[in-house]
Each structure stands twice: as structure tokens, then as C-alpha cells.
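Working notes, structure below.
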Amino acid sequence: MTLEIRWIEDLLALEQEKSISQAAAIRHVTQSAFTRRIQNIESTLGFQILKRHSKNIDFTEAGQVLLRCGSRILDHASK
């Protein structure tokens, strides 16, 4: 399994925007493509990132850990 930087960027955009459509817009993809990208991340990693029962964008505990780690990875990569 390879962790792609764009996955981290997608997740951070989603956390920032709290909206799939707005996150998709700032990532320059359609909403459906962005949703597929999130589903692909979950499928590849083998765990859910988002809580599907909520109307809001809520990350699972595993998703929150991934966000924190991903943020650190991007911070180190940009130095």
C-alpha cells in the first residue's frame, strides 16, 4: 500500500471545508469524483474515515488519527 500525498490533501481540504462539495471545488474535481476518492482511500486503508450517519462531516477516530498524522507529514514534507 502506498500513501499518496493527494489523499492527505483531500482529507485536510475536507476537514477545513466541512463540505464534500466545497472540498471538491478547492481540489478541482467534481463532487462525485471527490466522494470516490474518499471511498478509495477507505478501501485501500481498510477502515472508515467518515461517519456516514451524520449530516455533518464527522471523522471517525481512525480518520482523526489519519488527519493528525497526515498534517504532520505535509508539514515535514514542506520543510
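Find the centroid of the Cα atoms in the range 39-53 and in the range 1-36, then give the distance between the two in whole Å.
After rounding, the separation between the Cα centres reads 13 Å.
For the chain, what does the helix formula give at 222 nm: sum of -39500 (n - 2.57) over DSSP H segments with n ≥ 4, over the residue count, nearest 500 deg cm²/dmol? Each step should come with its number before you reach the end.
Numbers: 4 runs with 52 residues, N = 79.
Per the formula, -21000 deg cm²/dmol.
Run through the range 30-73 and list the chymotrypsin sites (Phe, Trp or Tyr not before Pro) located in a DSSP loop whose Cβ has at most 14 other Cβ atoms within 10 Å. Don't jump to the answer; show the numbers that get you there.
On the way: sites: Phe34, Phe47, Phe59; in loops: Phe47.
Here the chymotrypsin sites (Phe, Trp or Tyr not before Pro) that fit, given the DSSP loop and packing criteria, are Phe47.
Around Ala23, with a cut-off of 12 angstrom between Cβ atoms, what is the net charge of the other residues, counting Lys and Arg +1 and Asp and Glu -1?
Values: positive: Lys18, Arg27, Arg37; negative: Glu9, Asp10, Glu15, Glu17.
Once positives and negatives cancel, what remains is -1.
Can you list residues whose amide H is under 5 Å from Phe59's amide H, if they're 5+ apart or on another chain and H is modeled 1.01 Å from N?
Lys51
In debye to the nearest 20, how big a dipole does the chain give about its Cα centre with +1 on each Lys and Arg Cβ and -1 on each Asp and Glu Cβ? Working shown, then result.
On the way: 11 positive and 9 negative charges, 20 e Å.
Value, rounded to 20: 100 debye.
In the chain, carbon and sulfur make up what percent of the accessible area (probe 1.4 Å)? Mind showing how you got there, number by number?
Working: 2530 of 5130 Å².
Percent of accessible area from carbon and sulfur atoms in the chain: 49.
Per residue, how much accessible surface does the chain expose to a 1.4 Å probe? Answer in Å², no decimals.
Numbers: 5130 Å² over 79 residues.
Per-residue accessible area for the chain comes out at 65 Å².
The values are calculated or read from the model by the stated rules, or taken from the named source; none is laboratory data. What you see is a predicted model, and the numbers here were worked out from it, not measured in a lab. Every residue, glycine as well, gets a Cβ built from its backbone with ideal geometry; the counts of neighbours run over all protein chains shown. The protein model used for the area step is the full one, side chains on, heavy atoms only, and it has no ligands, DNA or RNA in it. Shrake-Rupley method; radii C 1.70, N 1.55, O 1.52, S 1.80 Å.
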